[in-house]
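Comments concern the structure below.
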Amino acid sequence: MNIKLTSNSSKNNKINADITVSFLTKDKLKDHKQKKLLDLAGFNAEQDSTCFLHEKEILVCGVDSLSNDDIRSSTSIAIKALKSSNYSCAGFNVDEENIQAIIEGIVLGGYEFNKYKSEPKKYTLKNIYLACKDVKKLQSAFEEAIIIADATSFTRDIVNTIPEDLNPPTFAELAKDLAKENDLKCEILGEDKLKKQKMEAMLAVGRASRHDSKLIHLTYKPKKKAKKVVTLVGKGLTYDSGGLSLKPSTSMVTMKMDKAGACAVLGMIKAASELKLDIEVHAFIGAVENMIGGDAYKPDDVLKTRNGKTVEVRNTDAEGRLVLCDVLDYAQDKVQADYLFDFATLTGACMVALGQYTTGIMGHSNSLKHNFFEAANNSGELVGSLPFNKHLKKLLKSEIADISNVGSKPYGGAITAGLYLDNFIKDENKDKWLHFDIAGSAYTEAPWDCNVYGGTGAGVRLVSSFLKSIK
Ligand code: BES
Ligand code: ZN
Ligand code: ZN
């Protein structure tokens, strides 16, 4: 599907397409030119409802308001309706305000993952025209929105790829390919190097897998002097069976998505490099598979992490934090960054706390969190803050090691996981760090907003918006 920015000035807002999409609120429905026809069709401008008026060459889409959230969601419905029609060219009227939301609706709402379909569906719809008054003025907003939406689709593709195809070694190859295409530096640490780095926690998680664990480090350096340096760390569990604390079979399904943090971090650095931002970006990924076997790590093990702290393993399904603590420590030694963000499908508890649509944000800096509330508003992603406190911190105490890998009480699990990671953040980086729990937001089994079944690409639009806002 081609998306083109065109001008509508010459033809009095009429777009040279087979059909034009128009958004309609209940208020505006009352005095709509085609009110009679729309009434006959039973259309009442309900959000996410659509009505084709074929003779008039319009597709009318109901919206609660003209806010970007409502437009994005409605565009996602419209694009699905258009794909199942036989039109080959559709048009949208866009302006500075809504162009990003409409592009997200088209690209992300119309996203499909067909890698494993023997016969992908064929569509008549080939061209989408985004018509505006002043093409020159909107050109850069158009290009930016396309880059970010495409990076989100890229992340979704990797998340959706099955663990047989996407395992730590193939993940490293994929990172190398991205590095080649986008002119990034790429360094891969295999198990020998991880041993030299004393990353015993990360290595323990991957020990029962037939795939070697990999630490991936990608770097984007801008041509101009960088305004800031940003380190991104991603949890890359290419499969999480739970290990010996084995997941029940129904919870194991979808655990190919436990690499979504790593996939998001790849999408973010891809977007940053294609947007040519004046920010130096480092992406660190811990790619590991959590399996069972005679050499699996076990509950009761005590592991020595890279920073020297010892961890009592009480649950092998709390593996993400064991990988992240070593990668975070390594990343802080490697790069003196202005910001340090980690992304992880870390806890089911985050979904209990915030619901499955919202990313949980944890950290010490309220002002940095505030920046991300703003980035969320501008990007259409949902975030919620989960507060640390010293009482929850005590739940990580261990009788035989420095800390335990799980909290001793069943409450506040997303926060105790965040507090576990906090143990591995150096004092000088405390206010530079935020932890993003995307356990709920990274994957969906039912469509919502511009998300369709599977990986959502959570984090990519959010961080792209934050990076763009850096002064
Ligand atoms: N990958 C899971 C978290 C998860 C659960 C992500 C559901 C997406 C959907 C993580 O490794 C895990 O299993 N966490 C445990 C922690 C517990 C053992 C303390 C959990 O959430 O149950
Ligand atoms: Zn787990
Ligand atoms: Zn996991």
Point to revise | Selection status of D333, open to solvent by 20 Å² or more (accessible area, probe 1.4 Å), without any contact (Cβ under 8 Å) to a residue 40 or more places away in the chain, more than 16 Å from ligand 2 (Cβ to nearest atom) and in a helix (DSSP H, G or I) | key: yes
Review point. List the pairs whose first member sits in segment 16-30 and is on the phi < 0 side of the Ramachandran plot, whose second member is open to solvent by less than 100 Å² (accessible area, probe 1.4 Å) and among the basic types (K, R), and whose Cβ atoms are under 7 Å apart, counting only residues at least 6 apart or on separate chains?
Key: L29/K35
**Study point:** Residue check, T316 among the β-branched types (V, I, T), touching a Phe, Trp or Tyr at 6+ places or on another chain (Cβ under 8 Å) and within 16 Å of ligand 2 (Cβ to nearest atom)
**Key:** yes
Check your understanding: Do you know which of the residues in segment 254-295 that are open to solvent by less than 10 Å² (accessible area, probe 1.4 Å) and out of contact with any strand residue (DSSP E or B) (no Cβ under 9 Å at 6 or more places or on another chain) is nearest to K235 (Cα to Cα)?
Key -> G267
Practice item. Give me a count of the residues in segment 307-326 that are surrounded by fewer than 21 Cβ atoms within 10 Å (Cβ to Cβ) and either of a type in the set (A, V, I, L, M) or in contact (Cβ under 8 Å) with a residue 60 or more places away in the chain (or both). Key: 7
Check your understanding: Right, A201: within 16 Å of ligand 3 (Cβ to nearest atom), open to solvent by less than 10 Å² (accessible area, probe 1.4 Å) and either modelled with pLDDT of 95 or more or more than 25 Å from the chain's Cα centre (by Cα) (or both) or not?
Key -> yes
Study note, to complete from the structure: Scanning segment 220-248 residue by residue, those away from ligand 3 (no atom under 16 Å from the Cβ) and either open to solvent by less than 10 Å² (accessible area, probe 1.4 Å) or not in a strand (DSSP E or B) (or both) turn out to be K221, P222, K223, K224, K225, A226, K227, V230, T231, L232
Exercise for review: Can you give me the number of residues within segment 62-102 that are over 27 Å from the mean Cα position of the chain (by Cα) and in a strand (DSSP E or B)?
Suggested key: 5
Practice item. Determine if segment 357-364 includes at least one residue that is under 26 Å from D326 (Cβ atoms), among the hydrophobic types (A, V, I, L, M, F, W, C) and in a strand (DSSP E or B). Key: yes
Revision key, fill the gap. Those residues of segment 286-310 which are in a strand (DSSP E or B) and more than 29 Å from the chain's Cα centre (by Cα) amount to V302, L303, K304, T310
Practice item. Take K256 and decide whether it is in the same structural domain as L184 (by TED's automatic domain parsing), within 16 Å of ligand 2 (Cβ to nearest atom), over 19 Å from I470 (Cα atoms) and in a helix (DSSP H, G or I). Key: yes
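A quick yes/no check of all residues on (1) out of contact with any Leu (no Cβ under 9 Å at 6 or more places or on another chain); (2) in a loop (DSSP other than H, G, I, E, B); (3) under 21 Å from V107 (Cβ atoms):
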site: K397; (1), (2), (3): yes, yes, no
site: K409; (1), (2), (3): no, yes, no
site: I415; (1), (2), (3): no, no, no
site: Y420; (1), (2), (3): no, no, no
site: L434; (1), (2), (3): no, no, no
site: G440; (1), (2), (3): no, yes, no
site: L467; (1), (2), (3): no, no, yes
Review point. Any chance segment 313-326 includes a residue that's in a loop (DSSP other than H, G, I, E, B), within 16 Å of ligand 3 (Cβ to nearest atom) and among the basic types (K, R)?
Key: yes
Check your understanding: Applying the selection to segment 390-411, what residues are under 27 Å from the mean Cα position of the chain (by Cα) and open to solvent by less than 80 Å² (accessible area, probe 1.4 Å)?
Key -> N405, V406, G407
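The values are calculated or read from the model by the stated rules, or taken from the named source; none is laboratory data. All figures in this text were calculated on a predicted structure; none of them were measured in a lab. Reconstructed Cβ throughout: ideal geometry from the backbone, glycine too, with neighbour counts over all protein chains shown. These area figures cover heavy atoms from the full protein model, side chains too; ligands, DNA and RNA do not enter into them. Shrake-Rupley method; radii C 1.70, N 1.55, O 1.52, S 1.80 Å.
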